[in-house]
Amino acid sequence: MKIFANFYLLFILGVFTTNAQLNSIKGKITSNGKPLPYVNVYLKNTKIGTSSNENGFFELQNIENGIYTIVASSIGFKSKSAKINVKNASTIIKNFDLNENNDLDEIVVSGTLRPVTKSNSPVPVEVYSKTFFKKNPTPSIFESLQNVNGVRPQLNCNVCNTGDIHINGLEGPYTFVLIDGMPIVSGLSTVYGLTGIPQALIERVEVVKGPASTLYGSEAVGGIINIITKKTSNAPVISTDVLGSSWGEINTDIGVKYNISEKTTGLLGVNYFNYQNRIDNNNDGFTDLTLQNRISVFNKINIERESEKLFTIAGRFVYEDRWGGELDWEKEFRGTDVKYGESIYTNRWETFGTYQLPTSEDISFQFSANGHYQNSFYGTDSYNAEQLIGFGQFIYNKKIAKKHDFLFGLAYRYTYYEDNTFATLETDGVTNKPSVTHLPGAFVQDEVSLNSQNKLLLGARWDYNSLHGNIVSPRVNYKWNSKDNSNIFRASVGNGFRVANVFTEDHAALTGAREVEFDGELNPETSWNANINFVKKINTENAFITLDASAFYTYFNNRILPDYETDPNKIIYANLEGHSVSKGISLNTDFTFTNGLTINAGATLMDVSITENNIKKRQLLTESFSGVWSISYRFNNNYTLDYTGNVYGLMRLPLLGENDTRDANSPWFSIQNIQLTKKFSSNWETYGGIKNILNFTPAANSINNASNPFDKGIDTEQNPELAFDPSYVYASNQGIRLFLGVRYTLF
């Protein structure tokens, strides 16, 4: 707890330290001649700052002699600054007249593979900045997404706490996770690849809901999450963020910008997370939170070329040692039936980059490669796997006749996968046969500007899967906007195609006592999706309001889902003899007030169902309703208060037959957090608060038969409800906790 005492002391000293000086600066902030209230006014690289009052007046006091840069900034207006020489106990008058900022629209790339403003993109793209994630700081991007509407980090195991990302009710394998637009997190890393990305280096996260197979290939059925890292030119020289909690979690993010030569700059990031406390608050004999020791190193290099063409290359290495299980489990019990534990060693490397060819035309080559190695035991069951993926694509962008913006692409993806399960055995059941897949493809896209208010996006992709043959993925997007861009309507139709690999994507196939069974050969899944989106922007004298509403519908053929219910002793994987539908509506709202108050809130209402043999059922582990919110208020004394949370409706849960004593549905539940941040200067800030203030945790009997995890002396065929089962999980067992952190940034 010594580290928390130091953080607390730093926090208290910053709150009460004052400097009695003689100089002052005062003035008035206006816009078009009218007083502008609640504008942030501060001296750059100092702790001195204030806000203009309701009449636009401000005053900075107790300023030492020196030359300063005074800055006036407010949301919705262009910032202004000026140099001021303060000396000889003077009072300086400095007025500012701010102009409205019409450039608030973020630049996005995920919808069309080209940089475009968010409002001009024919594909609806949600953008979440680093500021958004600071409102609820977490050790990994996986947990950070819990406050994004329609996106849910789903834990898949009560013991090892691995999980995936759901978008609009579709499981993790349907979500394509990219880093700087490159397909890095997929296959084996669907479960384990979302941790260890240094958040100090994240610029923003772009989310596209619905199929994006035309541009990104067969795995982008449910949507994409594109993690955009900072450019080396814009990154701070040093950025550090150290976070600790009362449970004993320690997370450290460090980012450093450096120069290799006059034209070559680099960005180095290191993330370290450690948690080693064996806590069992629900008294089931198992760890409530998986013990972890993880380090990730990220490096990005940008090379300036005489042609001013882009050349950037990056790499990342991740090592993680995690385990969960009985409280007295030790490494010596790994793989034995003395004590139950799930122990996972992960080694992972990645490299990716972009090189614009030195041609008069806009041609780029994008590439990525990664290797993922896993050595694990789930009780006595060993799972060792190796995956290698190589990817490359040429992209040619050509504008024709001012109305047509063409994008052509040629892509190739190589996947090698080997494990020690029957999934990679020959038909004789003895000979090992690693899976090797070649996936060449081509795509074309035409963004047609019909006029200043109407756009049409036509796209198609062809891939040839060496195991499953030809794949064709078309899509159509339409966008209309009003003349002032305050109203935007979008509609889209597209299809998706996905080849499933059960052991790399579904953790439930590995944990617990259920036997895994494949019912026939698994054929690729296909889907069709339709989406309607409407955005309304309202600007008033004191607020900026955005309303973003969507309706979505996805229809699946050949869907592959784990069947927990036909036989409680098994998980049966087979192509659905019927169809599956995911449909719903969502609403996002953003309110930004000039007085320092911001409110982001969203809700999604879904109906995700499976129809087989004319019987319709709700999909397991899928909520019918979810809501998220983030409420922030910035005080005049550089304090910021953040209140974030989410709420989830009922989920149908997997049971061990009709005699299982656990509830068939999860309760409504909410995870809420509160945080107070104090900014001392442009370099230093501290933050702290409470997570899960309602102290919600799942029922204590979520792990069935936790007292006998190896099912010794039990006939589970006759009494399946007595079997050990950790797959009944919908939320973390981690309850209320305090957290405290400090950030230092040097520009």
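The values are calculated or read from the model by the stated rules, or taken from the named source; none is laboratory data. It should be emphasised that the depicted structure is a prediction, and the values quoted were computed from it without experimental measurement. A quick note on method: Cβ atoms are made from the backbone with ideal geometry, for glycine too, and the neighbour counts reach across all protein chains shown.
Structural remarks
- Output for the stretch 73-82, where each listed residue is modelled with pLDDT of 85 or more and not hydrophobic (A, V, I, L, M, F, W, C): LYS80, SER81
- Filtered residues of the stretch 233-263 (kept if crowded, with 20+ Cβ neighbours inside 10 Å and among the charged types (D, E, K, R)): ASP241, GLU249, ASP253, LYS257
- From the options PHE710, PHE696, PHE739, residue that is more than 22 Å from GLN154 (Cβ to Cβ), hydrophobic (A, V, I, L, M, F, W, C) and not in a strand (DSSP E or B): PHE710
- Any hit, the stretch 275-294, residues being touching a strand residue (DSSP E or B) at 6+ places or on another chain (Cβ under 6 Å), touching a residue at least 12 places away in the same chain (Cβ under 8 Å) and closer than 22 Å to ASN234 by Cα: no
- Entirely in the stretch 431-492, the strands (runs of 3 or more DSSP E) that have 1 or more residues that are in contact with an Asp or Glu (Cβ under 9 Å, 6 or more places away or on another chain) and among the basic types (Lys, Arg): 454-465
- The condition (being surrounded by fewer than 17 Cβ atoms within 10 Å (Cβ to Cβ), β-branched (Val, Ile, Thr) and either in a strand (DSSP E or B) or in contact with a Lys or Arg (Cβ under 7 Å, 6 or more places away or on another chain) (or both)) is satisfied by just one residue among ILE545, ILE572: ILE545.
- Hits in the stretch 72-93 (condition: part of a strand (DSSP E or B) and of a type in the set (A, V, I, L, M, F, W, C)): ALA72, PHE77, ALA82, ILE84, VAL86, ILE92, ILE93
A quick yes/no check of all residues on (1) over 30 Å from SER527 (Cβ atoms); (2) of a type in the set (Gly, Ala, Ser):
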{"residue": "THR598", "(1), (2)": "yes, no"}
{"residue": "MET606", "(1), (2)": "no, no"}
{"residue": "SER609", "(1), (2)": "no, yes"}
{"residue": "LEU620", "(1), (2)": "no, no"}
{"residue": "VAL628", "(1), (2)": "no, no"}
{"residue": "TYR633", "(1), (2)": "yes, no"}
{"residue": "ASN637", "(1), (2)": "yes, no"}
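- Test: residue in the stretch 281-299 that is among the aromatic types (Phe, Trp, Tyr), in the same structural domain as PHE317 (by TED's automatic domain parsing), buried (at least 20 other Cβ atoms within 10 Å of the Cβ) and within 30 Å of LYS339 (Cβ to Cβ): yes
- Residue within the stretch 657-677 that is more than 29 Å from the chain's Cα centre (by Cα) and at pLDDT below 90 present: yes
- Against the test of being surrounded by 17 or more Cβ atoms within 10 Å (Cβ to Cβ), in contact with a Gly (Cβ under 9 Å, 6 or more places away or on another chain) and modelled with pLDDT of 85 or more, the options ASN85, ASN156, ASN149 yield a single qualifying residue, ASN149.
- Candidates ASN302, ASN271, filtered to the one that is modelled with pLDDT under 95, on the phi < 0 side of the Ramachandran plot, assigned to a strand (DSSP E or B) and touching a Pro at 6+ places or on another chain (Cβ under 6 Å): ASN271
- Residue count, the stretch 340-373 (criterion: in a strand (DSSP E or B), out of contact with any helix residue (DSSP H, G or I) (no Cβ under 7 Å at 6 or more places or on another chain) and under 27 Å from ASN705 (Cβ atoms)): 3
- Scan of the stretch 94-110 for residues that are at pLDDT 90 or above and outside any loop (DSSP other than H, G, I, E, B), ordered by number: PHE96
- Only residues that are assigned to a strand (DSSP E or B) and either modelled with pLDDT under 90 or touching a Pro at 6+ places or on another chain (Cβ under 8 Å) (or both) were counted across the stretch 218-260, and they come to 14.
- Residue count, the stretch 44-71 (criterion: assigned to a strand (DSSP E or B) and either over 15 Å from ASN637 (Cα atoms) or not charged (D, E, K, R) (or both)): 15
- Taking the stretch 698-721 as the range and being more than 37 Å from the chain's Cα centre (by Cα) and aliphatic (A, V, I, L, M) as the test, only ILE714 passes.
- Check on ILE389, in contact (Cβ under 8 Å) with a residue 60 or more places away in the chain, in a strand (DSSP E or B) and either farther than 30 Å from PRO726 by Cα or of a type in the set (Phe, Trp, Tyr) (or both): yes
- Counting residues in the stretch 609-619 that are over 30 Å from ASP711 (Cα atoms), of a type in the set (Ser, Thr, Tyr) and crowded, with 17+ Cβ neighbours inside 10 Å gives zero.
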